[in-house]
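A.B. asks: Below are the structure tokens for one structure; questions will follow.
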Amino acid sequence: MGCAGAADGIWQADTRLARELGLRSSIHMGAAGRGPKFQAIKRMQEQGFLGPDLTFVHCNTSSDDELRMMADNGVTASLGVQVEQVTLAYGDVPVDRLMDVGIRPSLSSDTETKGAGDMFTQMRAVLSHYRASRTNGHSRTRNTPEMLTTRDVLEMATIVGAEANGMASSVGSLTPGKKADLIFIRADDLNLMPVTDPVAAIVTAAHPGNVDSVMVDGRFRKRHGRMLFDNLAELRARAHASQHYLYQDGR
């Protein structure tokens with residue numbers, strides 16, 4: 001759902017319906033010049049729609065005042081850092097501005113037509129962006145760290161992401177009582193070994209090919225490098241059929 005791109009009456013009705021159904025809403029905000037043009041966060045604030053069941057994606061050109069409105073109302077944020085950096089005119093990635101108002105951003109891929117869909121890429125992108133901007137003299141306020149640590153970034157991809165999806169009580173960290181959602185990474189792969197700091201190795205060097213196994217709610221969905229889906233060939237065929245349909249006759 002996108003507030004800035006929807007006419008008055010539509011986004012209000014969508015938000016009300018989502019809340020009636022108990023659903024969280026993810027809304028793209030402030031990408032490119034849409035922040036100052038629409039001031040969508042301010043509009044939602046004025047009409048009483050901001051709340052902790054909302055996650056705003058991007059916020060690149062949303063004002064600092066609007067980011068404070070998000071923080072005051074418990075709105076979470078997600079940054080598609082790689083796509084934000086490769087898309088012209090999106091605006092500066094607001095990692096520091098979000099943290100300045102007390103919002104730890106989660107990470108997302110935005111769209112796989114422009115970038116990778118894995119969290120390893122997003123973690124490296126946000127770490128590189130933050131440290132490069134700090135080196136290049138971007139100002140920092142008292143609420144933003146001098147440097148992001150690799151643990152900060154790993155949390156953005158795990159527990160902070162769970163918080164943004166309203167699922168922190170059940171996933172996002174290795175905690176007794178939570179669901180067993182686990183990713184197993186081979187530490188003896190040549191691009192990682194010998195591992196000294198596991199967190200730093202994951203954030204700065206690991207990639208999807210290093211993932212040995214994946215467990216979702218205690219059930220293996222990938223094991224020893226093999227996906228455990230009986231219909232994987234069918235899914236691939238459907239994806240190719242969809243691609244062919246979209247591109248046939250020049251469409």
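The values are calculated or read from the model by the stated rules, or taken from the named source; none is laboratory data. In this text, all values refer to a predicted model and were calculated from it rather than measured experimentally. Glycine gets a Cβ as well: all are built from the backbone with ideal geometry, and neighbour counts include every protein chain shown. What goes into the accessible areas is simple: the full protein's heavy atoms, side chains included, and nothing from ligands, DNA or RNA. Shrake-Rupley method; radii C 1.70, N 1.55, O 1.52, S 1.80 Å.
A.B. asks: Taking only Cα atoms and a 10 Å spring cutoff, compute GNM fluctuations for the chain and point out the largest among 165, 231, 210.
C.D. replies: The residue that fluctuates most here is 231.
A.B. asks: How big is the gap, in Å, between the Cα center of the stretch 24-96 and the Cα center of the stretch 105-126?
C.D. replies: 17
A.B. asks: For the chain, set up a GNM with springs between Cα atoms under 10 Å and report which of 129, 224, 207 has the largest fluctuation.
C.D. replies: In this elastic network of the chain, the residue with the biggest mean-square fluctuation among 129, 224, 207 is 224.
A.B. asks: In the chain, what % of DSSP beta bridges are antiparallel (nearest 5)? Mind dumping the intermediate values first?
C.D. replies: Details: 9 of 19 bridges.
Once the DSSP bridges in the chain are tallied, antiparallel ones form about 45 percent.
A.B. asks: Work out the count of Lys pairs in the chain where the Cα-Cα distance is under 28 Å, with the pair 8 or more places apart or on different chains. Please report the intermediate quantities before stating the final value.
C.D. replies: Working: 37/114; 114/222; 178/222; 179/222.
Taking the chain as the scope, the lysine pair count is 4.
A.B. asks: I need the helices of the chain that pass two filters: whole DSSP H segments spanning 27 Å or more by Cα along the axis, and mean Kyte-Doolittle score no lower than 0.0.
C.D. replies: Working: long enough: none.
In the chain, no H run is both long and hydrophobic enough.
A.B. asks: Please work out the Cα convex hull volume for the stretch 107-251 and give it in Å³ per residue. Can you show the working numbers first?
C.D. replies: Details: hull volume 27.3 nm³, N = 145.
For the stretch 107-251, the hull spanned by Cα atoms encloses 189 Å³ per residue.
A.B. asks: Now for a different question. How much mean residue ellipticity at 222 nm does the chain get from its helices, if each DSSP H run of length 4 or more adds -39500 (n - 2.57) and you divide by all residues, to the nearest 500 deg cm²/dmol?
C.D. replies: After summing the helix terms and dividing by residue count, I get -11000 deg cm²/dmol.
A.B. asks: Given R₀ = 41 Å, FRET efficiency for residue 131-residue 248 by Cβ-Cβ distance, to 0.05? Working shown, then result.
C.D. replies: On the way: r = 45 Å, r/R0 = 1.10.
Working from the Cβ atoms, E equals 0.35.
A.B. asks: Which of rounded, prolate or oblate describes the stretch 209-251 when judged by the alpha-carbon gyration tensor and an a/c cut-off of 1.5?
C.D. replies: Working: a/c = 3.73, a/b = 2.85, b/c = 1.31.
Cα axes put the stretch 209-251 in the prolate bin.
A.B. asks: Further question on the same structure: State, to one decimal in nm, how far the label point of residue 151 lies from the label point of residue 73, with both points 7 Å from Cα in the Cβ direction.
C.D. replies: 3.4
A.B. asks: Quick one: among 84, 146, 155, which has the greatest mean-square fluctuation in a GNM of the chain with alpha-carbon springs under 10 angstrom?
C.D. replies: Of 84, 146, 155, the most mobile in the Gaussian network model is 146.
A.B. asks: What accessible area per residue, rounded to a whole number of Å², is obtained for the stretch 1-133 using a probe radius of 1.4 Å? The partial results should precede the final answer.
C.D. replies: Values: 5800 Å² over 133 residues.
It amounts to 44 Å² per residue over the stretch 1-133.
A.B. asks: Here's something else I'd like to know. So for 149, 196, what's the accessible-area order with a 1.4 Å probe, most first? The partial results should precede the final answer.
C.D. replies: Numbers: 149 65, 196 135 Å².
The most accessible residue leads, giving 196, 149.
A.B. asks: Right, next: Need the full-extension length gain, residue 24 to residue 180, defined as separation in residues times 0.36 nm minus the C-alpha distance. One decimal, nm.
C.D. replies: Values: separation 156, 0.36 × 156 = 56.16 nm, distance 2.28 nm.
Value of the extension gain: 53.9 nm.
A.B. asks: For residue 167 and residue 46, calculate 0.36 nm times their separation in residues minus their Cα-Cα distance, and state this gained length in nm to one decimal.
C.D. replies: Working: separation 121, 0.36 × 121 = 43.56 nm, distance 2.80 nm.
In short, 40.8 nm is gained.
A.B. asks: Moving to a separate point now. Quick one: length gained pulling residue 211 to residue 85 fully straight, 0.36 nm per residue minus the C-alpha distance?
C.D. replies: Values: separation 126, 0.36 × 126 = 45.36 nm, distance 2.59 nm.
Additional length available on full extension: 42.8 nm.
A.B. asks: Could you pull out every residue, at least 5 positions away or on a different chain, whose amide H is within less than 5 Å of the one on residue 166? Hs are placed 1.01 Å off N in the peptide plane, and Pro or chain starts have none.
C.D. replies: Here nothing satisfies the definition.
A.B. asks: Reported to two decimal places, what Rg/Rh ratio describes the stretch 52-160 when computed on Cα atoms with Rh from the Kirkwood expression? Before the final figure, lay out each step's value.
C.D. replies: On the way: Rg = 12.9 Å, Rh = 13.9 Å.
With Rh from the inverse mean 1/r over Cα pairs, Rg/Rh is 0.93.
A.B. asks: So, one more: Just need the relative contact order of the stretch 1-123 here, percent rounded to a whole number, with Cα pairs under 8 Å and 6+ apart. Write out the running numbers ahead of the final one.
C.D. replies: On the way: 212 pairs, mean separation 25.3, N = 123.
Dividing the mean separation by the residue count of the stretch 1-123 yields 21 percent.
A.B. asks: Right, something else. What percentage of the solvent-accessible surface of the stretch 12-151, computed with a 1.4 Å probe over protein heavy atoms, is contributed by carbon and sulfur atoms? If you can, show how the numbers build up before the last one.
C.D. replies: Numbers: 3320 of 6670 Å².
Carbon and sulfur together cover 50 percent of it.
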